[in-house]
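Please read the structure below before turning to the comments.
Read-outs throughout are calculated quantities, based only on the coordinates presented, and are distinct from any laboratory measurement. Bear in mind the structure is a predicted one, so any value in this text is a computation, not a measurement. A quick note on method: Cβ atoms are made from the backbone with ideal geometry, for glycine too, and the neighbour counts reach across all protein chains shown.
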Amino acid sequence: MSTSCTPFYAQRRAALAAHIGPKGIAILPTAPEQQRNRDSDFQFRHDSYFYYLSGFTEPKAWLVITGDGKTTLFCQPKDLEREIWDGFRLGPDAAPAALGVDTAYSVDELDTRLPGLLDSRDAVWFPFATHKGLETRVDGWLGSLRARIRYGTLTPEQQRDLCGPLDEMRLIKDAHEQDLMRRAAKISANAHVRAMQKCAAMLRQGREVREYHLDAELLHEFRRHGSQYPAYGSIVAAGANACVLHYRADAGLVRDGELVLIDAGCELDGYASDITRTFPANGKYTGPQRELYNLVLASQDAAVAATKSGARFTDPHDATVAVLAQGMLDVGLLDKNKVGSVEDVIEKRAYFQFYMHRTGHWLGMDVHDCGAYTEPSQIGQTSERKDALTGQLIVDRPARILQPGMVLTIEPGIYVRPGEGVPEHFHNIGIRIEDDAIVTASGCELMTRDVPVDADAIEALMRG
């Protein structure tokens, strides 16, 4: 990613300045660098809030925005010797033209200049509980300012959480963000196709297939099309491993006749994709595999139909559960003589044995993106209920009302571990189907269908 002064970064900073008020000030650092082992760091990835407002990807940088719309960047100074080792630095002199900020200084000047920027402000905004030590830094700058009250300095009386307004801004994706996410989704979909086809081809050739072989195909396709890195640690789970929700690609053997669950997506220019597909390793579903697969797909179809402007965030999950609960009774995963009707299954959460996660989450710069899941206009409305499984008292608030431009995943699943009363022909089958959806005025746009979901279509693809 390169630095950019494209208009939307300035527009976002202006919108934030308007929110914090003419006498407010916002302070935001990028992410810290993290040591991996001796003399080696993890690959640096910027803080999402920071990048959202700046488009700047270098480490050791800070952004200060005041309520009058002025932006100050603190960044690494030019250092030709260090640049030989660590790469190019933009530097403070070039930053205003490159990024559209008003002023830029060396990050070495941060502690000396911040008290002056805080002087006469009524509120200081910074992200709470996201950067270790940030609150202490802010306290230090405020302390320096208070030490000069005899000289007429005025210290901010309020400290406010910057996450709130930024979360609301980031929840609705603009046209530029949606376009980036479509591109990321297409790259990721192509990677899933590549892994499916490679798996079946290797087995037909009599070659050994390991989970890491398929993981390598994903990474190859991500980087080949310009993605900077995976959006998260890819899940490549063969056979019974698919029943472990957060399994990571390892050395598991991919066996003929078993299913493979891949949950993987790339990150492109700061925006994530998130796709899951479950396919037969040899390209042909068995009867029990297809039966459960079609049930999960039917539940996803119901969730997709429920994802539209004006609906609640929880509506897709409720639609999924209704289909899965009835399906579990129909195929014999649940014994109706023991659990009762479909209404009983839902009320008592009997389905939880085989489906234990929610049907989606926000998606954006972070895989599990920011944004409230409760409706802000109804935050004071609450109801209480007792959880059927734990007996705990749950306080419910009205779920978020979906609006055009929100982006979320739709990802139902079924995970069948061996157990008493569980039909043996379903043992160790784990299935999840996940797509990324943009909420529109009339429904939703699925960005990730360049990789098929229909069982027949997957089998046809894997024959190719």
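Data table
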quantity: Under DSSP loop assignment and at most 10 Cβ neighbours within 10 Å, longest chymotrypsin sites (Phe, Trp or Tyr not before Pro)-free interval of the chain; calculated: 89-464
quantity: Size-normalised alpha-carbon gyration radius of the stretch 51-116, reference 2.2 N^0.38 Å; calculated: 1.10
quantity: Lysine-lysine proximity count for the stretch 7-170, Cα under 26 Å, sequence distance 8 or more or distinct chains; calculated: 5
quantity: Radius ratio Rg over Rh of the stretch 7-170, counting only Cα atoms, Kirkwood formula for Rh; calculated: 0.97
quantity: Calculated from backbone phi, Karplus (6.51, -1.76, 1.60) coupling profile of the stretch 137-146 in Hz, x at Gly/Pro; calculated: 4, 4, 4, x, 5, 5, x, 4, 5, 5
quantity: Stokes-Einstein D for the stretch 155-271, Kirkwood Rh over Cα pairs, 20 °C, 1.002 mPa s (µm²/s); calculated: 132
quantity: Label point 7 Å beyond Cα of R255 along Cβ direction - residues of the stretch 281-305 with amide nitrogen under 18 Å; calculated: 281-290
quantity: For the chain: span of alpha carbons on each principal axis (Å, largest first); calculated: 80, 55, 42
quantity: Mean residue ellipticity (222 nm) of the chain, computed from DSSP H runs ≥ 4 via -39,500 (n - 2.57), nearest 500; calculated: -11000 deg cm²/dmol
quantity: Residues with amide H under 5 Å from that of Y232, placed H, sequence gap 5 or more; calculated: G265
quantity: Low-density loop cleavage sites - GluC sites (Glu not before Pro) in the stretch 356-462, where at most 13 other Cβ are within 10 Å (DSSP); calculated: E420
quantity: Residue-span extension gain [Y373 to A298] - 0.36 nm each, minus C-alpha spacing; calculated: 24.5 nm
quantity: Interchain or long-range residues, amide H under 5 Å from D256's placed H; calculated: none
quantity: Note, ³J(HN,Hα) from phi for the stretch 288-295, Karplus 6.51, -1.76, 1.60, rounded to Hz, x at Gly and Pro; calculated: x, 4, 5, 4, 6, 4, 5, 5
quantity: Difference of contour (0.36 nm per residue) and Cα-Cα distance, I149 to R312; calculated: 53.6 nm
quantity: Partner lysines for K348 [C-alpha distance under 29 Å; skip if fewer than 8 residues away on the same chain]; calculated: K308, K336, K338, K386
quantity: Inter-label distance, nm, simple model (7 Å from Cα along the C-beta direction), D119/H225; calculated: 5.4
